[in-house]
Amino acid sequence: MSKHKDKATARTAPTLQDQLPELRPGQSVALLQELHILTREGKLNQDTRRKLKQVYHLVQFIEPLLAEVLAARGDVALADHGAGKSYLGFILYDLFFKDKAAGRVTGVETRAELVDKSRELATRLGFERMDFLATTVQEALTHPDLPARIDVVTALHACDTATDDAIAFGLAKDASHLVLVPCCQAEVAGVMKKHKALSLARTPLAELWRHPLHTREFGSQITNVLRCLQLEAHGYSVTVTELVGWEHSLKNELILARRMTQDRTGARDRARQRLQQVLEELSLQELSQRFAV
């Protein structure tokens, strides 16, 4: 009886492809194990399943951008800011860069211990065109080990002003594309809180952020609105969408920016004017440098 039961269990046990439908032919199982997405036995680690789903969705947005640049100039360089353990960079390399003759991924992360681990992992896997810098985004601008040309800038869940630093980096490098998933934005909300009494006396719209919870949430939304206007004022076409369903992550806003070569309709000037108007309307003038155009 038990033997029949064991055979039935074996027949119905889910395969890795069943557990991970996104898995592609030739994808490195060793990488997924090293990132603790899979256990050493090849079983899906449910604790990292949510993180992986977000990364896979983001990869679907980034791959066409990489392919576009690669086709146009025969090379492509991606900088991933706030890389952490470099989930995104490693999976992008495995799925896109690994079988290409050109292209490079650079992870920028301030925590040296994470950078060291990522370097070791890239060496073990033979991912030769992956680099990792233990530096700030500002220092990365002039870092000698960073490619002079950066085509795509990514920042997945870079907290608070780290997303703004990634934007500043992308603008300075004249990147073709920026792919941003902001996280934990507090700076704008803090300034709104400081000027709340004055705002309430000046306009009834301040009721939108009178209560502390609303200040936090409205401040977070306004932060991304200002970022989009800043990018548009610098000549980028911006799309805002969801990364994954809200049941997977509350930090779910995806900002996609594409550099436009021409501005026939005056979009840059309109975005610049709107940006200044929003800063003034919400008493955020002290953040003009943060969102400078």
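The values are calculated or read from the model by the stated rules, or taken from the named source; none is laboratory data. Note that the coordinates shown come from a computational prediction; the quantities given were computed from them, not determined experimentally. With ideal geometry, Cβ positions are generated from the backbone for all residues, glycine too; neighbour counts draw on all protein chains shown. Heavy atoms of the whole protein, side chains included, go into the accessibility calculation; ligands, DNA and RNA do not. Shrake-Rupley method; radii C 1.70, N 1.55, O 1.52, S 1.80 Å.
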### Summary
Within region 172-183, of all residues that are within 17 Å of T239 (Cα to Cα) and not in a strand (DSSP E or B), the one most open to solvent (accessible area, probe 1.4 Å) is S176
### Query
Residues of region 197-235 being more than 29 Å from Y56 (Cα to Cα) and touching a Phe, Trp or Tyr at 6+ places or on another chain (Cβ under 7 Å), which ones?
L208, W209, T215
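Per-residue answers, yes or no, for (1) outside any loop (DSSP other than H, G, I, E, B); (2) open to solvent by less than 70 Å² (accessible area, probe 1.4 Å):
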position: Q185; (1), (2): no, yes
position: V191; (1), (2): yes, yes
position: A197; (1), (2): yes, no
position: A206; (1), (2): yes, yes
position: Q221; (1), (2): yes, no
position: R258; (1), (2): yes, no
position: L275; (1), (2): yes, yes
position: S283; (1), (2): no, yes
### Query
Are any residues in region 39-48 open to solvent by less than 100 Å² (accessible area, probe 1.4 Å), farther than 16 Å from S86 by Cα and without any contact (Cβ under 8 Å) to a residue 24 or more places away in the chain, and if so, which ones?
T39, N45
### Message
Kindly evaluate D80 against the criterion of being surrounded by fewer than 23 Cβ atoms within 10 Å (Cβ to Cβ) and in a strand (DSSP E or B).
### Response
no
### Query
open to solvent by less than 50 Å² (accessible area, probe 1.4 Å), touching a Ser or Thr at 6+ places or on another chain (Cβ under 6 Å), farther than 21 Å from N252 by Cα and at pLDDT 95 or above - does that describe any residue in region 108-117?
no
### Query
In region 120-169, what residues are polar (S, T, N, Q), more than 14 Å from G89 (Cβ to Cβ) and either part of a loop (DSSP other than H, G, I, E, B) or open to solvent by less than 40 Å² (accessible area, probe 1.4 Å) (or both)?
T135, T136, T142, T161, T163
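Conditions (1) buried (at least 20 other Cβ atoms within 10 Å of the Cβ); (2) more than 19 Å from S118 (Cα to Cα); (3) modelled with pLDDT under 95, marked per residue:
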position: K53; (1), (2), (3): no, yes, yes
position: L66; (1), (2), (3): yes, yes, no
position: A72; (1), (2), (3): no, yes, no
position: S86; (1), (2), (3): yes, no, yes
### Query
Could you list, in sequence order, the residues of region 229-252 that are open to solvent by 20 Å² or more (accessible area, probe 1.4 Å) and at pLDDT 90 or above?
L229, E232, H234, S237, V238, T239, V240, T241
